[in-house]
Amino acid sequence: MDKSKRLFLKSKRSFRRRLPPIQSGDRIDYRNVSLISRFISEQGKILSRRVNRLTLKQQRLITIAIKQARILSLLPFLPNLNNAKQFQFQRGGSAGRTIGLRTRNK
């Protein structure tokens, strides 16, 4: 088969199309914590649009809703304290308290 003809053939590999993360009935709102929490990483960061597979408009609305929910204490700014300490130890940080310029370990 000619190389130029091969470019136009469809691949025979089929793939399952993934469902969109936000259905048409879902309202993007700061009160909808179950929906919003799907778009936050384990470290408490807002996931990118490419990872979420959202449109630009949806990502903007999600970001605003997450920030509003954090301000109103519906969502934490940081994940729970136990996971944060484990994350800090994995990165090699010290768990000491800083007093002035000196660090005192507990």
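Annotations
- Looking only at the stretch 28-75, and only at residues there that are among the basic types (Lys, Arg) and assigned to a helix (DSSP H, G or I), the one that is least open to solvent (accessible area, probe 1.4 Å): Arg70
- Per-region count, the stretch 3-37, residues acidic (Asp, Glu) and at pLDDT below 90: 1
The values are calculated or read from the model by the stated rules, or taken from the named source; none is laboratory data. Since we're looking at a predicted model, the values are computed, not measured. With ligands, DNA and RNA removed, areas are computed over all heavy atoms of the protein, side chains included. Shrake-Rupley method; radii C 1.70, N 1.55, O 1.52, S 1.80 Å.
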